[in-house]
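The values are calculated or read from the model by the stated rules, or taken from the named source; none is laboratory data. Only a predicted model underlies this, so the values are computations on that prediction, with no experimental measurement involved. Here Cβ is always computed from backbone atoms with ideal geometry, including for glycine, and neighbour counts include all displayed protein chains.
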Amino acid sequence: MLQILEHTALVRAEWDRLVAQSETGTWFQSPEAYDFFAAQPHLFKPFVWAVADNQDLLSVCVGYVTRESNSLKQFFTRRAIIIGGPAIVQDCTVEALALLMQHVKEQLSREAIYLETRNFRDFSPWAKAFEQAGWTYWPHYNFHIDCTSKDTIWANLSETRCRQIRKALKNGVTIDAQPTEQDIIDWYRILREIYRTRVKTPLFPLNFFLSFYRQGIGRYLIVKYEGRVIGGIMCPIQEEQCIYEWFVCGLDSDYKECYPSVMATYAAMEYGVNNELPLFDVMGAGVPDIPYGVRDFKAEFGGRLVEYGRYRFIAKPSLFRLGVWVVRMLKGRSLNL
């Protein structure tokens, strides 16, 4: 008999095991990720539901509803995000997954303007379940980079990236895999300025990044030149499986011969090789058929371009359209959803 399980009914070890064994499982669906979101109630209202058949877990869905301190801003921007998409066991039925996603939709429709899964794995075998539950597929690109060996990495890098990495190393650029808290603060200042001037979308506050650092749930790889922080990358890690690029930045204009953003990305790939993490997931590369400079940048690291897309349910269409228009105006260009 199929049943929906709340957070309090989930056995943590079984939840962990499902994510580790699932072909769609990612760090973002793990108990560790849920704990990270729950530890920041000023930013997130986390949720987790699972579907089980006679107590055997079939799928787990972890995510969060965004929270803003400003009540007006919260009203117009609230959204439910399921990073990575739900973790599903191989013998889960369409009926079971549809039941879970229907439940998620019903529980969150009053709280969020829209709900979205940001898929990092292939969900095409489950398309019917999402469709039955009322979720719509939106195409979206991503890159998966093979980190099984250093030879593989260098064979797949473009000639330009190979040259830039060698030049940066020759010029004295280093990667600090054991940064201090002050290093994270310095890195955040770079990231914040890039979001303010170029990305032009909201960025989590400093405490979000310090919490990730203090909880030790992933890895910061900080790019330095002559002792100064000039870039870096924030990487959640799924043991024995994957390293993720969540946030990355660099002072590329100020340190043109050091290529800090390139070195930050390469640092994650090298870390994957050295720590038996065979996959580097860059967590998104834009919408097909829409020019996107970030996709062009990521393409030169030799990853496999995949199109696993997103599933979305728009609970409040008028507010969603208004939000898209506002963001487009702020960016001054076509919106890459």
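Descriptive notes on the structure:
- Some residue of region 240-248 being at pLDDT 95 or above, among the acidic types (Asp, Glu), assigned to a loop (DSSP other than H, G, I, E, B) and surrounded by 17 or more Cβ atoms within 10 Å (Cβ to Cβ): yes
- Some residue of region 291-305 being in contact with a Leu (Cβ under 9 Å, 6 or more places away or on another chain), touching a residue at least 40 places away in the same chain (Cβ under 8 Å), surrounded by fewer than 18 Cβ atoms within 10 Å (Cβ to Cβ) and over 22 Å from GLY84 (Cα atoms): yes
- Scan of region 195-208 for residues that are closer than 23 Å to PHE44 by Cα and part of a helix (DSSP H, G or I), ordered by number: TYR195, ARG196, VAL199, LEU206, ASN207, PHE208
- Residue match in region 259-271 (condition: on the phi > 0 side of the Ramachandran plot and either among the aromatic types (Phe, Trp, Tyr) or crowded, with 24+ Cβ neighbours inside 10 Å (or both)): yes
Residue-wise test of (1) touching a strand residue (DSSP E or B) at 6+ places or on another chain (Cβ under 7 Å); (2) of a type outside the set (S, T, N, Q); (3) in contact (Cβ under 8 Å) with a residue 40 or more places away in the chain.
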| residue | (1), (2), (3) |
| --- | --- |
| THR180 | no, no, no |
| LEU191 | yes, yes, yes |
| LYS200 | no, yes, yes |
| ASN207 | no, no, yes |
| PHE212 | yes, yes, yes |
| ARG219 | yes, yes, yes |
| VAL223 | yes, yes, yes |
| VAL229 | yes, yes, yes |
| PRO236 | yes, yes, yes |
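- Positions within region 168-178 being outside any helix (DSSP H, G or I) and either on the phi > 0 side of the Ramachandran plot or free of Cβ contacts under 8 Å to residues at least 24 places away in the same chain (or both), in sequence order: GLY172, GLN178
- Residues of region 100-147 satisfying the condition of being out of contact with any Gly (no Cβ under 7 Å at 6 or more places or on another chain), more than 18 Å from TRP49 (Cβ to Cβ) and of a type in the set (Val, Ile, Thr): THR136
- Test: residue in region 319-327 that is at pLDDT 95 or above, aromatic (Phe, Trp, Tyr) and surrounded by fewer than 21 Cβ atoms within 10 Å (Cβ to Cβ): no
- Scanning region 274-289 for residues that are at pLDDT 95 or above, farther than 14 Å from GLN241 by Cβ and more than 18 Å from the chain's Cα centre (by Cα), we see that the one that is surrounded by the most Cβ atoms within 10 Å (Cβ to Cβ) is PRO288.
- Test result for HIS144, assigned to a loop (DSSP other than H, G, I, E, B) and surrounded by 16 or more Cβ atoms within 10 Å (Cβ to Cβ): no
- Residue match in region 74-82 (condition: of a type in the set (Val, Ile, Thr), at pLDDT below 95, in a strand (DSSP E or B) and within 22 Å of ILE217 (Cα to Cα)): no
- Checking region 296-311 against the condition returns no match, with no residue being of a type in the set (Val, Ile, Thr), under 30 Å from ALA39 (Cβ atoms) and at pLDDT 95 or above.
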